[in-house]
Amino acid sequence: MTLAQLLPSTGIAAPPVLEEALWPVGTTATRDDLVIGGVSVSRLAARFGTPCQVLDEATARSRTRAFRAALPAAEVVFAGKSLPCREVYRWMAEDGLSLDVCSAGELALARSVGFPAERILVHGNVKTPEDLKAAVAYGVGRVVLDSTDEIGHLESSARAGQQVLIRVTPGVDARTHPAVATGVEDQKFGFSLASGAALEAVRRVAASPSLRLVGLHCHLGSQIRHVAAYEEAVRRMVRLIASCGVPIDQLDLGGGFAAPYLPGETPFDLGGFAHRVRVALNYECQAHHVPVPRLLIEPGRSIVANAGITLYRVAAVKHTATRTFVAVDGGMSDNPRPALYGARYTVRLVGRTGPQAPVTVVGRHCEAGDVLAENVPLPADVRSGDLLAIPATGAYHHALASNYNLVCRPPIVGVRHGEPRLLVRRETEEDLLRRDL
Ligand code: LLP
């Protein structure tokens, strides 16, 4: 019997076990607090208010190191859409990563921190004339072409010799949520491999007087657990390379590596991925008599998701005939992922412990679907004023946040060596009113 099981019989409640994989590295839980990056989250909530996103620098940077160590010969490209924040882009630049941007806005952020242009890849199935203009003006290293129309648009605006990759839809089902499954046929991204559109695009770009084809790209989707999907993509992409008839120096396998969100989930098998993908790549290239291209990968979520947590204050508790609703001061405006993808989270009460009971944590927005976590255990006496922490909120939270109900978006507070630092300030009503003329 564990100590935690013994304690209730003595009348003392132990804090629920901290699932380490979900929280920033080194997070410690005491009976009345949670310490992240050496900083008490109760103090953070008191100083910066709630809701508040907290980002642990050491965790994000340990992930960049893990990717670079697992694939030392590969180019690791941070998917900037997962956490568009100047300081995070700075960390990525310092840690030697490249950057994937998919709009003039993300490019402006990168530019504002002097992210090296040659290490920027421009993505997206729609690049507006403004996006392309900004990309060309900054002299970005590579543009990833997504449609025949775009090839023409870039040819007419790019500098001579602009390096490009072609995005291919390889027809690989990575078994993830349909809203983020992008490797399968019959969808808006890329050039289909099966239909021959990809090969046609290769021929078109190879013959272009102004563009220089350096590689092929595919992105299977997001929150992918199965390494086998990447192996299959490698096999298909190398076969395509072999049929291209022109040298292809780079193979970009995109991102999508899963992050743990719930107790019992484990981080993506990065070591296994690195080994199996390298073996598949070398084998296929040898079998098809083509030189081994340089590998690129584009992780986003797997670098920042578990570096972030969100703090909320409980505003109200309601008991109905069937369940307990715990309503907090944020919701689908800072986390639309449960509503969009059926994403599930775990929740921890900070400051007290006690016998647990299942509750539904809901947001403040005017929709019944504004649910942050369903059927999660919290102390049965949870009440207004309590502080809640939700882990694994570093990726696609700040990025997806909205002003629904004209609620101000939360700040991001960075923590490092026991010091908090405001990275993105809380939005104000003045910010909200500024655009409305
Ligand atoms: N490369 C490309 C071309 C992408 O479109 C994406 C993500 C990535 C890399 C990075 O994927 P990651 O390693 O972060 O899975 N909003 C959704 C996720 C959308 C992903 C969009 N593309 C969510 O909250 O789950």
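The values are calculated or read from the model by the stated rules, or taken from the named source; none is laboratory data. Treat the numbers as computed from the prediction; the structure is a model and nothing was measured. A quick note on method: Cβ atoms are made from the backbone with ideal geometry, for glycine too, and the neighbour counts reach across all protein chains shown. These area figures cover heavy atoms from the full protein model, side chains too; ligands, DNA and RNA do not enter into them. Shrake-Rupley method; radii C 1.70, N 1.55, O 1.52, S 1.80 Å.
Checking residue 189 against (1) open to solvent by 40 Å² or more (accessible area, probe 1.4 Å); (2) aromatic (Phe, Trp, Tyr); (3) more than 21 Å from the chain's Cα centre (by Cα): exactly one of these is not met. Which one?
Only one criterion is unmet by residue 189, namely (3).
Listed here are the residues, each with its yes/no results for (1) open to solvent by less than 40 Å² (accessible area, probe 1.4 Å); (2) away from the ligand (no atom under 16 Å from the Cβ).
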| site | (1), (2) |
| --- | --- |
| 349 | yes, yes |
| 352 | no, yes |
| 357 | yes, yes |
| 374 | no, yes |
| 386 | yes, yes |
| 389 | yes, yes |
| 393 | yes, no |
| 397 | yes, no |
| 401 | yes, no |
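Mind telling me which of the residues 247, 267 ends up being within 21 Å of residue 57 (Cα to Cα), part of a loop (DSSP other than H, G, I, E, B) and not charged (D, E, K, R)? Steps first, please.
On the way: 247 fails: within 21 Å of residue 57 (Cα to Cα).
Sole residue among the options that is within 21 Å of residue 57 (Cα to Cα), part of a loop (DSSP other than H, G, I, E, B) and not charged (D, E, K, R): 267.
Every residue in region 31-68 that is closer than 27 Å to residue 257 by Cα, open to solvent by 40 Å² or more (accessible area, probe 1.4 Å) and touching a residue at least 40 places away in the same chain (Cβ under 8 Å), please.
58, 63
When only residues in region 278-294 that are assigned to a loop (DSSP other than H, G, I, E, B) and in contact (Cβ under 8 Å) with a residue 12 or more places away in the chain count, which is nearest to the ligand (Cβ to nearest atom)? Lay out the reasoning, then the answer.
Within region 278-294, the first condition is being assigned to a loop (DSSP other than H, G, I, E, B), and the residues that meet it are 288-293.
Right, trim to in contact (Cβ under 8 Å) with a residue 12 or more places away in the chain and you get 288-291, 293.
Details: 288: 25, 289: 29, 290: 24, 291: 24, 293: 17 Å.
Among residues in region 278-294 that are assigned to a loop (DSSP other than H, G, I, E, B) and in contact (Cβ under 8 Å) with a residue 12 or more places away in the chain, the one nearest to the ligand (Cβ to nearest atom) is 293.
Given the structure, is residue 278 crowded, with 16+ Cβ neighbours inside 10 Å and outside the structural domain of residue 423 (by TED's automatic domain parsing)?
Details: crowded, with 16+ Cβ neighbours inside 10 Å: yes; outside the structural domain of residue 423 (by TED's automatic domain parsing): yes.
Against the criterion (crowded, with 16+ Cβ neighbours inside 10 Å and outside the structural domain of residue 423 (by TED's automatic domain parsing)), residue 278 qualifies.
Does any residue of region 324-332 turn out to be surrounded by fewer than 21 Cβ atoms within 10 Å (Cβ to Cβ), within 16 Å of the ligand (Cβ to nearest atom) and assigned to a strand (DSSP E or B)? Explain how you work it out, then say what you get.
Narrowing region 324-332 to residues surrounded by fewer than 21 Cβ atoms within 10 Å (Cβ to Cβ): 324-325, 327, 329.
Filter once more, so that each one left must be within 16 Å of the ligand (Cβ to nearest atom): none.
Checking region 324-332: not a single residue is surrounded by fewer than 21 Cβ atoms within 10 Å (Cβ to Cβ), within 16 Å of the ligand (Cβ to nearest atom) and assigned to a strand (DSSP E or B).
How about region 106-129: which of its residues are modelled with pLDDT of 95 or more and assigned to a helix (DSSP H, G or I)?
If the condition is that a residue be modelled with pLDDT of 95 or more and assigned to a helix (DSSP H, G or I), then 106, 107, 108, 109, 110, 111, 112, 117, 118, 119 are the ones that fit.
With 164, 168, 238 as the choices, which residue is in contact with a His (Cβ under 7 Å, 6 or more places away or on another chain), closer than 20 Å to residue 291 by Cα and within 16 Å of the ligand (Cβ to nearest atom)? Explain how you work it out, then say what you get.
Working: 164 fails: in contact with a His (Cβ under 7 Å, 6 or more places away or on another chain); 238 fails: within 16 Å of the ligand (Cβ to nearest atom).
Going through 164, 168, 238 in turn, the sole match is 168.
Would you mind finding the one in 83, 145, 99, 107 that is among the hydrophobic types (A, V, I, L, M, F, W, C), within 13 Å of the ligand (Cβ to nearest atom), closer than 28 Å to residue 201 by Cβ and under 19 Å from the mean Cα position of the chain (by Cα)?
Working: 83 fails: closer than 28 Å to residue 201 by Cβ; 145 fails: under 19 Å from the mean Cα position of the chain (by Cα); 107 fails: within 13 Å of the ligand (Cβ to nearest atom).
After ruling out the rest, the residue left standing is 99.
Looking at 154, 132, 199, which one is more than 16 Å from the ligand (Cβ to nearest atom), within 26 Å of residue 221 (Cα to Cα) and open to solvent by 20 Å² or more (accessible area, probe 1.4 Å)? Even if it seems obvious, please write down each step before you answer.
Values: 154 fails: open to solvent by 20 Å² or more (accessible area, probe 1.4 Å); 132 fails: open to solvent by 20 Å² or more (accessible area, probe 1.4 Å).
Matching residue, one of 154, 132, 199: 199.
With the condition kept exactly as written, say whether any residue in region 138-151 is within 27 Å of residue 108 (Cβ to Cβ), aromatic (Phe, Trp, Tyr) and free of Cβ contacts under 8 Å to residues at least 60 places away in the same chain.
Step one: filter region 138-151 for residues within 27 Å of residue 108 (Cβ to Cβ), giving 138-147, 149-151.
Cutting the leftovers down to aromatic (Phe, Trp, Tyr) gives us 138.
Filter once more, so that each one left must be free of Cβ contacts under 8 Å to residues at least 60 places away in the same chain: 138.
Yes; the residues of region 138-151 include at least one that is within 27 Å of residue 108 (Cβ to Cβ), aromatic (Phe, Trp, Tyr) and free of Cβ contacts under 8 Å to residues at least 60 places away in the same chain.
Does region 295-312 contain at least one residue that is open to solvent by 30 Å² or more (accessible area, probe 1.4 Å) and either touching a strand residue (DSSP E or B) at 6+ places or on another chain (Cβ under 6 Å) or more than 16 Å from the ligand (Cβ to nearest atom) (or both)?
Within region 295-312, not a single residue is open to solvent by 30 Å² or more (accessible area, probe 1.4 Å) and either touching a strand residue (DSSP E or B) at 6+ places or on another chain (Cβ under 6 Å) or more than 16 Å from the ligand (Cβ to nearest atom) (or both).
How many residues are touching a Leu at 6+ places or on another chain (Cβ under 8 Å) and either more than 15 Å from residue 283 (Cα to Cα) or crowded, with 23+ Cβ neighbours inside 10 Å (or both) when one looks only at region 221-240? Outline the logic, then answer.
Filtering region 221-240 for residues touching a Leu at 6+ places or on another chain (Cβ under 8 Å) gives 229-230, 233-234, 236-238, 240.
Okay, now just the ones that are also either more than 15 Å from residue 283 (Cα to Cα) or crowded, with 23+ Cβ neighbours inside 10 Å (or both), so 229-230, 233-234, 237-238.
The qualifying residues number 6.
Within region 3-23, is even one residue modelled with pLDDT of 95 or more, open to solvent by less than 30 Å² (accessible area, probe 1.4 Å) and not assigned by TED's automatic domain parsing to the domain that holds residue 271? Before the answer, list the steps.
First, the residues of region 3-23 that are modelled with pLDDT of 95 or more: 21-23.
From what's left, open to solvent by less than 30 Å² (accessible area, probe 1.4 Å): 22-23.
Of the ones still in play, those that are also not assigned by TED's automatic domain parsing to the domain that holds residue 271 are 22-23.
Yes, the conditions are met somewhere in region 3-23.
Identify, by number, the condition in (1) within 16 Å of the ligand (Cβ to nearest atom); (2) outside any strand (DSSP E or B) that residue 275 doesn't meet.
(1)
Restricting attention to region 204-220, and to residues there that are within 13 Å of the ligand (Cβ to nearest atom) and not in a strand (DSSP E or B), which single residue is most open to solvent (accessible area, probe 1.4 Å)?
219
Kindly indicate whether residue 267 is within 16 Å of the ligand (Cβ to nearest atom), assigned by TED's automatic domain parsing to the domain that holds residue 243 and open to solvent by 50 Å² or more (accessible area, probe 1.4 Å).
Working: within 16 Å of the ligand (Cβ to nearest atom): yes; assigned by TED's automatic domain parsing to the domain that holds residue 243: yes; open to solvent by 50 Å² or more (accessible area, probe 1.4 Å): yes.
Against the criterion (within 16 Å of the ligand (Cβ to nearest atom), assigned by TED's automatic domain parsing to the domain that holds residue 243 and open to solvent by 50 Å² or more (accessible area, probe 1.4 Å)), residue 267 qualifies.
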